[in-house]
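The values are calculated or read from the model by the stated rules, or taken from the named source; none is laboratory data. For clarity, every value in this text was computed on a predicted model and none was experimentally measured. No Cβ is skipped: glycine too gets one built from the backbone with ideal geometry, and neighbour counts run over all protein chains shown. Just the protein is used for accessible areas: all its heavy atoms, side chains included, with ligands, DNA and RNA removed. Shrake-Rupley method; radii C 1.70, N 1.55, O 1.52, S 1.80 Å.
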Amino acid sequence: MCGIIGIVSQQGAAAERAMEALRRLEYRGYDSAGVATLHEGKLDRRRAAGKLSNLQSLLNETPIPGSVGIGHTRWATHGAANTQNAHPHVSGSVALVHNGIIENFRHLRETLEQKGHVFETETDSETIAHLITSNLETGADPISAVKASLADLEGAFALGIIVEGHDDLMIGARKGSPLVIGVGDNEMFLGSDALAVAPFTNRVVYLEEGDWCVLRHTSYEIFDETGASVNRPETMVQAASAAVEKGNYRHFMQKEIFEQPDSTARTIGAYVNALDQAIELPGDESAIDWASVTHLHMVACGTAYYATCVAEYWFEQIAGLPVKTDIASEFRYRQPALPKQAGLALFVSQSGETADTLAALRYCKEAGLKTAAVVNVPTSTIAREVDLVLPTLAGPEIGVASTKAFTAQLCALAAAAIAAGKARGHIDRAKEVELVDALSGIPRLISESFALDSPIAGLARDLSKARDVIYLGRGVHYPIALEGALKLKEISYIHAEGYASGELKHGPIALIDEETPVVFVAPFDALFDKSLSNLQEVAARRGNVLLISDAEGVKEAGDTPAHSVEVPACHPFVAPILYAVPVQLLAYHIAVEKGTDVDQPRNLAKSVTVE
């Protein structure tokens, strides 16, 4: 889960200091690491696959001097986990480290290859280094070259960049992925989080979305995405608390909502071969033969269960695979009849220790089913006991109400559904490319959706006064309605229920009145006309309707809803992942208005390890 450190100093020993910071970031998980330094204008680097001890041994054998340096721990996304694909990446006089995912790197790479650039790796990150080099070759100075390159990048990223011949310069940039500046005494630092710079300083500046910065050993300057110079507040962070620092966010839940471009990018990167636009599931490919699977059981609890409900649509529509979803606490006690052969049981758990889910796993193993798990903790009990682990690289989630873990679960399940569809011959190569491209665009779309934060906060002031709230959704968005209602219940203590829109006339419409807000999750898709009909039924009964849709949906609905939230347009396949964000923001801001304990709501625990 990729850590970044950058050092601009005159003290020397940049490589050793970078290693000290990278050790602080080992908790993120990684499979290769590297450092690069500038010394007397010359660039040098060392990289190694595996643990930091391998990199340290290499540095002991062949040390590199310098007072300016960058370091990186990498979890393989684009390209295998080997030394060649490890960061920092170098092109000409440019070295950089990168977190995130560049959607348009294939186009950029092809353009650069036509200009004579030769690539050494399969990564999207190397493309950025070549792009900057190409701009330098036009005569641009390093700052101008980076600025021009940033304008050409589509996706989510955090970058640390150094350029040969410029010993007092480092450039950083963030879009979707977090990045901080550490302010020292006559030295500056760049880090993927406060913990990275904690060994050197407790003065931290959090870059905001779209910011980029220029660091020198005695100063720093920050620019926003328009190129205007801006000031960001400086924060004092204690080293002991840096690992669980909220940064410039009010709550961990808010921070984790805004980390989703980064967490989804890491997760998607673990499944997508971006160069080939193909899905490659991690782990042992022979563990599960999707082509021979006759039925799929998915089992989980809480928010993870709603992730399986979304994935049920995906596996059936994309892979033609019959699916049954179950709540783990119900599954384990109803003694389900399970076919002995050709079945697959898939379990979803953030912690990998959920008691009911673990019991259901063991029941399925005893019945002879193959097993797989979507988990955020690769060393957990569930991960150790299944045949195939499908990891989510969300990183630590402190807020009790799940946000980034949920969207990471959806990304992993979406990738698995594509893999199953390809293996079963249910989708062709063109369809796989289409779906992979849509999935790869999610980090950028989530980042764009944060423009809704302020409008949703405004709506929350009135909605926080409600006693009851109804969420409605059709098809794959019905589970998102359920998740929206759960989030609201969890952190605001407002009673909320999610329903399938088509069920409205079968009972829930009796609840509609002026005092009960109704939230419609309804992108402009094949089912929108039916959703609009439901919306009009509610409005006719003077229901207070909030429509969450895209521009076409909002336009089509006109003034029928009392309020509308316009989500960026996206491919229908990935819409449930994107639409999770506004329902998270809505629940968060309503809870803030009500003054509840957002991060630790009453009666709830982060991981339920007992019945």
Practice task
Just order 540-547, 373-380 by mean Cβ neighbour count inside 10 Å, highest at the front, would you?
Solution key: 373-380, 540-547
Handout entry: Projected label distance in nm at residue 61 and residue 338, using a 7 Å step from Cα toward the beta-carbon
Key = 4.8 nm
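State the dimensionless ratio Rg/Rh of region 481-534 (Rg: radius of gyration of Cα atoms; Rh: Kirkwood radius). Before the final figure, lay out the partial values.
Numbers: Rg = 12.0 Å, Rh = 12.2 Å.
Reported Rg/Rh, Kirkwood definition of Rh: 0.98.
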Problem - Label assignment, semi-axes √(5λ) of the Cα gyration tensor in Å derived from the structure, set (i) 41, 28, 23; (ii) 45, 28, 22; (iii) 46, 31, 22 - result: (i)
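For the chain, what is the accessible area per residue in Å² when the probe is 1.4 Å? Don't skip to the end; give the middle numbers.
Working: 22530 Å² over 611 residues.
Result: 37 Å² per residue.
For region 102-228, give the percent of accessible area contributed by carbon and sulfur heavy atoms, probe 1.4 Å, rounded to a whole number. Walk me through the intermediate numbers first.
On the way: 1910 of 4420 Å².
Heavy-atom surface of region 102-228 belonging to carbon and sulfur, 1.4 Å probe: 43 percent.
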Fill in the blank from the handout: Longest principal axis of the chain (C-alpha) makes with the long axis of helix 105-114 (C-alpha) an angle, in degrees to the nearest 10, of 40 degrees
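Calculated FRET efficiency, residue 292 and residue 495, Cβ-Cβ r, R0 45 Å, to nearest 0.05? Show your work: numbers first, answer last.
Working: r = 45 Å, r/R0 = 1.01.
In this case the efficiency is close to 0.50.
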Completion exercise
Pseudo-spin-label distance residue 429 to residue 284, built 7 Å along Cα→Cβ, given in nm, is 3.0 nm
Practice task
As a check on your grasp of the helix formula, calculate [θ] at 222 nm for the chain: sum -39500 (n - 2.57) over DSSP H runs of n ≥ 4, divide by the residue count, round to the nearest 500.
Solution key: -11000 deg cm²/dmol
Fill in the blank from the handout: In degrees rounded to 10, the 0-90 angle between helix 52-61 Cα long axis and the longest Cα principal axis of the chain is 10 degrees
Exercise for the section: With a point put 7 Å past each Cα toward its Cβ, work out how far residue 505 is from residue 317 in nm, to one decimal. Expected result: 2.3 nm
Fill in the blank from the handout: Expected vector for region 549-560, Karplus 3J(HN,Hα) from phi with 6.51, -1.76, 1.60 and θ = phi - 60°, integer Hz, x for Gly and Pro, equals 7, 9, 4, 5, x, 4, 5, 5, 6, x, 9, 5
Problem - Nonlocal amide H pairs with residue 2, under 5 Å, H built at 1.01 Å - result: 75
Exercise for the section: DSSP loop (so not H, G, I, E, B), at most 14 other Cβ within 10 Å: list which GluC sites (Glu not before Pro) in region 259-346 pass both filters. Expected result: 280, 285
Exercise for the section: Post the alpha-carbon centroid distance, region 508-548 to region 298-348, in whole angstrom. Expected result: 29 Å
Completion exercise
Low-density loop chymotrypsin sites (Phe, Trp or Tyr not before Pro), region 254-349, at most 10 other Cβ within 10 Å, DSSP non-H/G/I/E/B, are none
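In this model, which of 324/487; 404/555; 175/255; 255/594 are farther than 26 Å apart at the alpha-carbon? Please list the in-between numbers first.
Details: 324/487 24 Å; 404/555 30 Å; 175/255 15 Å; 255/594 19 Å.
Among 324/487; 404/555; 175/255; 255/594, the Cα-Cα distance tops 26 Å for 404/555.
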Exercise for the section: State log₁₀ I(q)/I(0) for region 413-457 at q = 0.18 Å⁻¹ as given by the Debye formula over alpha-carbon point scatterers of equal weight, solvent excluded. Expected result: -0.60
Fill in the blank from the handout: The ³J(HN,Hα) series, computed from each phi in region 466-474 with the Karplus coefficients 6.51, -1.76 and 1.60 at θ = phi - 60°, rounded to the nearest Hz and given as x for glycine or proline, is 6, 8, 9, 9, 10, 10, 10, x, 10
Problem - Student exercise, region 75-161 dipole from Lys, Arg, Asp, Glu Cβ charges, in Debye to nearest 20 - result: 120 debye
Problem - Residues whose placed amide H lies under 5 Å from that of residue 230, excluding near-sequence neighbours - result: 222, 223, 224
Practice task
Summarise the accessible area of region 265-333 (1.4 Å probe, protein heavy atoms) by the percent that is carbon and sulfur.
Solution key: 48 percent
Handout entry: Dipole in debye (nearest 20) - the chain, about Cα centre, beta carbon charges: Lys, Arg +1; Asp, Glu -1
Key = 1220 debye
Exercise for the section: State, as an integer percentage, the relative contact order of region 197-305 based on alpha-carbon contacts under 8 Å between residues 6 or more apart. Expected result: 17 percent
